[in-house]
Each structure stands twice: as structure tokens, then as C-alpha cells.
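*Asks:* Quick one: this structure, given as C-alpha cells, is what I'll be asking you about.
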């Protein structure tokens with residue numbers, strides 16, 4: 001029996017205090033039924049663990065009453081009604097609905113006040129009392145943004161102006177000298193290219209100190225391929241200087257991309273393979289430079305070799321240079337060599353403009369008798385382009401949310417001592433519509449047009465394949481005008497695996513062959529983010545407008561993008 005009593009005693013000691021301390025109830029009343037109803041509408045917490053929690057809740061309720069206009073509310077008492085019920089009585093008294101705040105025009109502009117009040121006059125402005133706290137915080141933040149981070153703002157001489165309104169003087173205390181960024185120190189990545197601070201982030205010494213703007217700008221570092229932010233920036237204030245510390249790290253920015261495609265040749269019924277290699281090297285010299293090397297060989301005995309070099313912020317200026325060389329050869333029919341040089345200007349992290357010159361030379365590899373549409377020619381174009389880029393660095397599978405690239409080319413073509421004016425316009429844009437965390441829709445629109453009086457086969461626009469309309473052979477379609485729309489419904493199984501549908505439609509014209517055709521490609525695919533890189537699988541079947549789908553026309557594409 002003694003053991004049983006001891007067991008009950010232990011259970012009582014361990015659990016009784018926890019059981020009873022959770023049964024305290026609070027009831028708050030006003031001086032009238034109307035005041036009690038107003039208090040109940042604030043939805044205060046009624047169940048508490050101890051008296052200290054009850055006292056905190058009453059204090060919190062009084063502060064809420066102050067904010068909504070009951071600035072004279074008074075706590076009369078907190079009494080214990082019985083073992084589990086406490087009662088409190090608060091007299092609300094008058095409610096003031098508005099307050100007129102008198103200000104110094106030399107310290108605050110009317111333009112700022114117009115954003116927070118509809119009643120702004122030469123010496124005062126009026127706002128609802130319920131908005132007073134947010135209004136003062138907003139004004140203080142705007143003063144801080146102007147280089148006064150230690151400013152203090154409060155109301156003095158608060159008086160009753162009428163039955164429902166108050167008046168007060170706005171007092172602003174701040175140092176007379178503005179805070180500017182004296183120095184910028186980078187921790188973690190000492191060789192980070194400084195030009196990106198000035199021209200990409202728009203942060204530089206002698207700039208007015210605004211910590212909120214600085215944090216917003218440094219978040220854009222995560223959009224760079226070669227660097228990321230370790231933690232938010234910090235500031236060291238001294239009497240005469242303001243030092244900004246940025247914590248960065250260098251990230252893997254080089255990538256190797258390749259895919260293997262295979263399908264059935266309609267003429268020989270044999271399996272054919274095609275693919276490409278794509279090498280991207282970024283910031284290996286710590287200048288933010290990028291180099292790209294592409295080699296592609298497809299099933300139509302077509303070969304492409306391309307190199308691109310981009311040098312941003314030359315001589316620490318916002319100006320950069322882009323060089324490109326592209327060589328294309330189709331079996332033994334013709335070869336084309338294109339060279340272009342562009343100057344680009346980085347407006348900000350999202351916008352960039354280009355201007356340059358492009359030269360193309362094409363050679364007919366056949367004899368003149370066997371081809372009446374392939375000729376030797378040379379063209380010179382003057383190029384103007386614009387690029388918009390918006391990232392979503394939180395998503396490892398789809399780091400770019402939207403992109404727009406528009407390019408216009410105007411120039412002349414020379415062939416057998418004959419000149420002809422030409423223009424080539426191109427637009428390529430895509431957008432990811434995030435429905436929720438796992439579901440999204442990808443939409444891409446690509447259009448190109450070549451305007452000329454006459455056309456040669458070896459100058460036409462080539463498209464088809466994994467990077468244009470899927471379900472068709474790579475660069476198998478020649479056009480003078482084309483428009484392609486790619487759509488995908490994507491579902492992320494987790495942060496590293498997704499599946500998607502494929503629905504591609506296209507319209508193109510070929511004025512040499514007098515063809516106007518509509519194309520359709522449908523299929524599915526998936527992507528897996530591995531330790532090596534992103535592995536993609538696409539299965540698509542394509543058809544023309546008046547032909548049925550054939551299983552033998554299906555194309556399978558495998559690609560792997562590895563970062564190093």
C-alpha cells in the first residue's frame with residue numbers, strides 16, 4: 001500500500017502544477033455595455049497559464065486601445081474572482097479619431113506627406129489616430145534613407161483639439177551631417193570584380209547610406225553565376241566614417257552541356273544519332289568574363305562551330321565588349337562564316353543594350369550548274385539589341401524566371417557585284433508562371449524574319465530540334481519567316497526532380513519554295529538534378545498541318561548540364 005501512495009504522490013508532484021496552471025481564465029469589462037462590446041471585439045486571449053501572462057495580456061490590450069484612439073483608457077483593477085477566473089476593468093473614456101501634426105517644412109517635404117495623408121497644409125497634416133504609429137515609422141524610415149540612420153522622431157505637446165481630434169508637434173532629432181559610404185570591404189571573396197559593385201549593384205563610395213536599399217541591391221548578387229551572398233551586409237559606424245562589409249563567396253560557374261539524340265531515318269529506316277557539346281567558362285580570371293564554345297553535329301550531316309567571348313566593364317566602365325564567331329557547314333552544299341562584334345551597356349542588373357556590326361560570308365561548295373538557289377555572298381549588318389533578364393535564385397531547377405532578347409539587323413548583301421538591302425529581326429522571350437510551389441507553366445515565344453527582295457537558300461533561317469520546335473530534326477527546316485511557341489506544364493516532385501509536358505506549335509514561310517506551313521510537336525519529359533548536373537530527357541513527336549502523327553517520327557533527346 002505504501003508503494004501505491006508513493007506512486008500517486010510522484011504523479012501529483014510532476015503533473016499537478018502543469019494541469020492547474022493552464023486553467024486560468026481572464027474576463028475584461030468596460031464601464032458600460034458598449035465599452036465591454038468594444039473590448040470583446042479586439043479578441044484578446046482569455047486562457048492563461050499564470051498571473052504574469054494575464055498581466056501581459058491586459059497591458060497589450062491597453063496598448064491596442066491607445067493605437068485605435070482610446071488614449072485616455074484607464075485600468076481600474078485586476079481581481080481574482082475565484083481559483084480559476086480573473087476579472088479586469090478598463091474604462092475606455094473618449095475615442096479620438098484624428099490627429100493634426102504640426103511639422104517643420106525645412107525637415108519634411110509636402111511631397112512626402114502627400115503619400116500618407118490627403119489633408120496636408122503648410123504647417124500641419126491630419127491623419128487617423130489608428131494610423132499614427134505606422135505613419136511615424138514611415139517618416140522615420142524616409143529620413144533614414146536620406147543618410148540619417150540615427151534620427152529620432154516623436155510627438156510633443158499633445159493636446160485635445162476638439163471632441164474627436166488631437167493636435168501635436170512633430171519633433172525630429174538627427175545629426176546635421178549625412179552618412180555616406182566611406183569604404184566597402186568584401187569578406188570571403190577578396191578577388192570579386194569591383195566593377196560589379198559600381199555598375200551592376202550600383203553601390204559605390206561617397207553614396208548616401210541607406211541600409212534598406214543596400215540590402216535590396218546585394219540580394220541581386222545571387223543572380224550572378226559566379227558569386228553569391230553568404231549573409232546580409234553589415235555596417236561599422238565611427239565618428240567620421242561609415243564602412244560597409246559585404247560577405248560573398250565564389251560559386252561554381254563553369255558548365256558543360258551536351259545532349260544525345262536519336263531517331264529513325266525515313267529513307268533508310270536506320271537509327272541515326274545526333275548531338276552537341278556546349279562549354280561555358282565564366283569568371284575564371286575574376287573579371288566576370290565569359291567564354292562559350294559550341295560544337296554541334298546533327299543527323300542531316302550539318303556541323304556548327306561557335307565561340308562567344310564577353311568582356312564586361314572594360315576599364316571599370318559600364319561598357320563591355322562581345323565577340324562571336326560562327327561557322328556552319330551543310331554536307332557538301334555550302335558553308336557560312338559569321339563574325340560579329342558588339343558593345344554592350346549594363347543599365348542595371350536586369351537590363352542591357354547592345355550595338356555592333358556583323359559580317360557574314362557564305363560559299364557555294366557545289367558547281368554552279370547543280371544549284372540555282374545557293375550562291376556566294378557577303379553581308380554586313382549593323383546590329384542593335386536589348387536584353388531583359390529576371391532570375392529566381394531560390395529555384396535550383398529553374399533559376400531564370402523570365403527573359404527577353406530583341407535584336408535588329410540592317411545592312412546590305414553583296415553578290416556578284418550586286419548590292420541589295422536586307423533586314424533581319426529576331427525576338428526570343430520566355431516566362432515561367434509559378435502557380436504554386438510545385439506547379440508552373442513555361443511559355444516561350446521565338447520569332448525571326450528576313451526581309452529582302454531576293455533570297456538564297458544558304459542565307460535562310462534554320463530551325464527545328466530541341467532548342468526550337470521539338471519532334472523535328474535539328475536545323476531541318478529553312479524559312480524566311482518563322483514563329484515558334486513552346487509550352488510546358490511542369491510539376492516538381494521535389495527540389496531536384498520534375499516532369500513536364502511538351503506542346504510546341506510553329507508557323508513558317510519559305511519564299512524560295514513558296515511554302516507556308518504549320519507545325520506541331522507534342523511529348524513529355526523530365527529533369528533530374530544530380531551531383532554531376534542537370535540531366536534532361538525529352539520525348540517528342542512532330543507533324544505538319546496536313547499529316548498524321550507517326551511513331552517513327554518521334555525524337556528522343558538526352559542532355560546533361562554539369563557545373564564545375
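The values are calculated or read from the model by the stated rules, or taken from the named source; none is laboratory data. Keep in mind that this is a model prediction, so the values were computed, not measured. Cβ: placed from backbone, ideal geometry, glycine included. Neighbour counts: every protein chain shown.
*Asks:* Tell me which residues, restricted to the range 215-229, are in a helix (DSSP H, G or I) and either free of Cβ contacts under 8 Å to residues at least 12 places away in the same chain or in contact with a strand residue (DSSP E or B) (Cβ under 7 Å, 6 or more places away or on another chain) (or both).
*Replies:* 215, 216, 218, 219, 221, 222, 223
Yes or no, residue by residue, for (1) on the phi > 0 side of the Ramachandran plot; (2) touching a strand residue (DSSP E or B) at 6+ places or on another chain (Cβ under 6 Å):
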position: 312; (1), (2): no, yes
position: 315; (1), (2): yes, no
position: 321; (1), (2): no, yes
position: 329; (1), (2): no, yes
position: 334; (1), (2): no, yes
position: 342; (1), (2): no, yes
position: 346; (1), (2): no, yes
position: 349; (1), (2): no, no
position: 365; (1), (2): no, yes
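Here's the yes/no breakdown for (1) within 29 Å of residue 530 (Cα to Cα); (2) modelled with pLDDT under 95; (3) touching a strand residue (DSSP E or B) at 6+ places or on another chain (Cβ under 6 Å):
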| site | (1), (2), (3) |
| --- | --- |
| 369 | no, yes, no |
| 375 | no, yes, yes |
| 382 | no, no, yes |
| 392 | yes, yes, yes |
| 417 | no, yes, no |
| 423 | no, no, yes |
| 427 | no, no, yes |
| 436 | yes, yes, no |
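*Asks:* Starting from residues that are within 24 Å of residue 400 (Cβ to Cβ) and in contact with a strand residue (DSSP E or B) (Cβ under 6 Å, 6 or more places away or on another chain), keep the ones in the range 175-214 and report whichever is surrounded by the fewest Cβ atoms within 10 Å (Cβ to Cβ).
*Replies:* 189
*Asks:* Among the residues of the range 89-134, what is the count of those that are assigned to a loop (DSSP other than H, G, I, E, B), out of contact with any strand residue (DSSP E or B) (no Cβ under 6 Å at 6 or more places or on another chain) and farther than 19 Å from residue 151 by Cβ?
*Replies:* Residues meeting the conditions: 8.
*Asks:* Suppose the filter is part of a loop (DSSP other than H, G, I, E, B), buried (at least 16 other Cβ atoms within 10 Å of the Cβ), in the same structural domain as residue 329 (by TED's automatic domain parsing) and touching a residue at least 24 places away in the same chain (Cβ under 8 Å); does residue 397 pass it?
*Replies:* yes
*Asks:* Say whether the condition of being within 29 Å of residue 457 (Cα to Cα) and surrounded by 15 or more Cβ atoms within 10 Å (Cβ to Cβ) is met by at least one residue in the range 526-533.
*Replies:* Among the residues of the range 526-533, not one is within 29 Å of residue 457 (Cα to Cα) and surrounded by 15 or more Cβ atoms within 10 Å (Cβ to Cβ), which makes the answer no.
*Asks:* Considering (1) farther than 30 Å from residue 492 by Cβ; (2) touching a helix residue (DSSP H, G or I) at 6+ places or on another chain (Cβ under 9 Å); (3) surrounded by fewer than 18 Cβ atoms within 10 Å (Cβ to Cβ), say which one residue 353 fails and leave the rest.
*Replies:* Result: residue 353 fails condition (2) only.
*Asks:* Specify which of the listed residues (93, 63) is surrounded by 14 or more Cβ atoms within 10 Å (Cβ to Cβ) and under 22 Å from residue 128 (Cβ atoms). Lay out the reasoning, then the answer.
*Replies:* Working: 63 fails: surrounded by 14 or more Cβ atoms within 10 Å (Cβ to Cβ).
Just one listed residue meets the conditions, 93.
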